[in-house]
Amino acid sequence: MKRDNLDDLRSFLAVARERSFTKAAARLGVSQSALSHTVRELEARLGVRLLTRTTRSVSPTEAGERVLRTIAPRLDEIESELAAIGELREKPAGTIRITATEFATDTVLWPKLVPFLRKYPDVKVEIVSDYQLTDIVSERFDAGVRSGEQVAKDMIAVRIGPDLRMSVVATPGYFRTRPEPKRPQDLIEHNCVNLRLMTRGGLYVWEFEKGGREIKVRVDGQTTFNGTTQMLNAALAGFGLAYIPEGLAQPHIDKGRLKRVLADWCPPYSGYHLFYPSRRQPSAAFSLLVDALRYRG
């Protein structure tokens, strides 16, 4: 394939992924008019329209979707391999993109990244904090961090933290006017702080287990967030019960700011794992990062 075709394909992919000529041009460092001209030339050579353009949006046509589905992954793989080859030098270098929850970032990733980044100054790490079950391949992340139960079976998973537990907490003042829940089902009578999962668009269902019995409860309340730190703050402000990681709540429990309930319904579960595609050829920088994050008990 001619080099011009490869360069033009990369330009098209940038527009198709960003759904915007303006954003794609900024990412590629070219003018919007030059980028539009490049894509039109590619369409002319192929004899098909790849993008549907309106005054407000840009979206791939059926042919464009086929390019995204079949050609884009191969180009990404080639670029990944070239990057890996380029990093076979004395000093590991490159950018590593990771998606992780806010709590995982604060408690597991960042403490281990600090010495790693100081040791390897040519390595850059970008962390996007979210609670979505992100498709790391389509979103072009190098890796993700989630609990062991959430990692897909076709991924390589490396344990990077100890077992975790969830906790149900509220202020002592909240319980002065309401009885403490004795069973998970009692939560439907309480004001609870909800977590919204942006990928699915729904609210997180609180999960409990005891003696082999599993119970899921859909709770209701006045406040909803998409991060556990905000949920903690809402609980501390007296807005009801929050279902948050034990490690986040424990300092406030120890100081009497929060009271824990249903502890016997919150058993330990598999801790955080770093996961990445099994077909990925790790670069030198990525391999060193995995080793630095690996949990050694």
Given backbone amide H placed at 1.01 Å from N, residues whose amide H is under 5 Å from that of T223, ignoring those fewer than 5 places away on the same chain, are N194
Mean separation of Cα contacts under 8 Å (at least 6 apart) over the residue count of the chain, i.e. the relative contact order in percent, is 22 percent
Binned at 10 Å starting from 0, the alpha-carbon pair-distance distribution of region 162-210 in whole percents comes out as 18, 47, 29, 5
Per the rule of 0.36 nm per residue minus the C-alpha distance, extending E214 to E65 adds in nm 49.5 nm
Taking a straight Cα-to-Cα line shorter than 18 Å from K119, and setting aside same-chain aspartates and glutamates fewer than 8 residues away, one finds E87, E90, D291
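Which pairs in the list K112/K153; K182/K255; K182/K210 are over 21 Å apart, alpha-carbon to alpha-carbon?
Details: K112/K153 26 Å; K182/K255 23 Å; K182/K210 13 Å.
In this structure, K112/K153; K182/K255 lie more than 21 Å apart at Cα.
Please work out the Cα convex hull volume for region 144-297 and give it in Å³ per residue.
Working: hull volume 21.0 nm³, N = 154.
Output value, Cα hull per residue: 136 Å³.
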Across all Cα atoms of the chain, Rg and the largest Cα-Cα distance (Dmax), in Å, are 23.6, 74
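Checking the a/c ratio against 1.5 first, then a/b against b/c, what shape does the Cα gyration tensor give for region 3-70? The partial results should precede the final answer.
Working: a/c = 1.45, a/b = 1.12, b/c = 1.29.
Judged from the Cα gyration tensor, region 3-70 comes out rounded (a/c under 1.5).
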When the chain is treated as a Gaussian network with springs between alpha carbons less than 10 Å apart, the largest mean-square fluctuation among T38, T224, T107 is found at T38
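Tell me, what does the Kirkwood hydrodynamic radius of region 115-206 come to in angstroms if you use every pair of distinct C-alpha atoms? List each step's numbers first, then the result.
On the way: mean 1/r = 0.0577 Å⁻¹.
The Cα-based Kirkwood calculation yields 17.3 Å.
Computed from the coordinates by the stated procedures, all read-outs in this text should not be read as laboratory data. This structure is a prediction, so every number in the text was calculated from the model and none was measured.
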